[in-house]
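Beneath this line is the structure, given in structure tokens, with notes to follow.
Every number in this text was worked out from the coordinates using simple rules, so none of it is lab data. The structure displayed is predicted, hence computed values, not measured ones. Virtual Cβ from ideal backbone geometry, glycine too; neighbours counted across all protein chains shown.
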Amino acid sequence: MAESEVRQGLKEKISSKRGQNFITFLIFVAIASGLWIVMSLNDTTQREYPIHVAVADLPEGITYCHDDNTPIDSNGDLGIYTVIVKERGLFHKSFAKKNPLPLVINFTDFNSSKDGVFYLTSAKMETALQEYLGDNAIIVTWKPSVVSFKISD
């Protein structure tokens, strides 16, 4: 079958009443799909994400530990924090596909108390999370709400 015969047969099928109805159907399916995508992107959704938090530039020669007296490793790993994020659009789909690196907070950002406890204020934690997650994410809450560690005895 030659190419011109295929084109001629296709042209006849499209110009028939049944072909025109099928093309009209496809146009409406495309319009409905486009509207569905726009409406689904406009939904606000909320989801929990586990985020590794680590401390960078810990002073050497001092041993630090978590509040339960487990030592902090050489990477400064503070553990996994659960962050609840509310967002409109594709944030959840794109962030869930990534294998995110840990949220690294500088040691100098921590405040210290007279008891040898280093803690991060909620304002600094929220700023760090906002930079980590991006401007489109609305942070609802994070758990545990206190980011802290102490000098081991």
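Find me the longest stretch of the chain that has none of the exposed trypsin sites (Lys or Arg not before Pro), where exposed means in a DSSP loop (not H, G, I, E or B) with at most 12 other Cβ atoms within 10 Å.
Numbers: sites that count: Lys98, Lys114.
Between exposed loop sites, the widest span is 1-97.
What Kirkwood hydrodynamic radius do you get for the stretch 44-151 when you take the inverse of the mean 1/r over all pairs of distinct Cα atoms, in Å?
14.7 Å
Among Ser113, Gln46, Ile151, which residue has its Cα positioned farthest towards the positive end of the charge dipole of the stretch 44-151, with +1 placed on the Cβ of Lys and Arg, -1 on the Cβ of Asp and Glu, and the dipole taken about the Cα centre?
Projecting each Cα onto the dipole axis, the largest value belongs to Gln46.
Of the residues Val83, Val53, Val38, which exhibits the maximal mean-square fluctuation in a Gaussian network model of the chain defined by a 10 Å Cα contact cut-off?
Checking each option, the largest mean-square fluctuation is seen for Val38.
At Ala56 and Lys114, where each label point lies 7 Å from the Cα along Cα→Cβ, what is the point-to-point distance in nanometres?
Each label point is offset 7 Å from its Cα along the Cβ direction, giving 3.4 nm.
Based on the Cβ-Cβ distance from Ser74 to Glu48, what FRET efficiency comes out when R0 is 25 Å, to the nearest 0.05?
The computed FRET efficiency comes out at 0.30.
Order of Ile80, Ile31 from fewest to most other C-beta atoms within 10 Å? Spell out each step's value before the answer.
On the way: Ile80 13, Ile31 10.
The order, fewest Cβ neighbours first, is Ile31, Ile80.
Most exposed first by the Cβ proxy, i.e. fewest other Cβ within 10 Å, how do Ser4, Ser16 rank?
If I rank by nearby Cβ atoms, fewest first, I get Ser4, Ser16.
If neighbour count is taken as other Cβ atoms inside 10 Å, put Trp36, Trp142 in order from fewest to most.
Trp36, Trp142
Can you tell which of Ile51, Ile105, Ile23 shows the greatest fluctuation in a Gaussian network model of the chain with Cα springs below 10 Å?
Ile23
Using a Gaussian network model of the chain whose springs link C-alpha atoms within less than 10 Å, name the residue from Phe25, Phe107, Phe118 with the highest mean-square fluctuation.
Result for the chain, Cα springs under 10 Å: Phe25 fluctuates most.
If the chain between Leu10 and Glu131 were fully stretched, how many nm would it gain, using 0.36 nm times the residue separation less the Cα-Cα distance?
38.0 nm
Would you mind pulling out the separation of the Cα centroids of the stretch 21-39 and the stretch 1-17, in Å?
Here the two parts' Cα centres lie 25 Å apart.
If you put +1 on each Lys and Arg Cβ and -1 on each Asp and Glu Cβ, how big is the dipole of the chain around its Cα centre, in Debye rounded to 20?
Taking the Cα centre of the chain as origin, the dipole is about 1300 debye.
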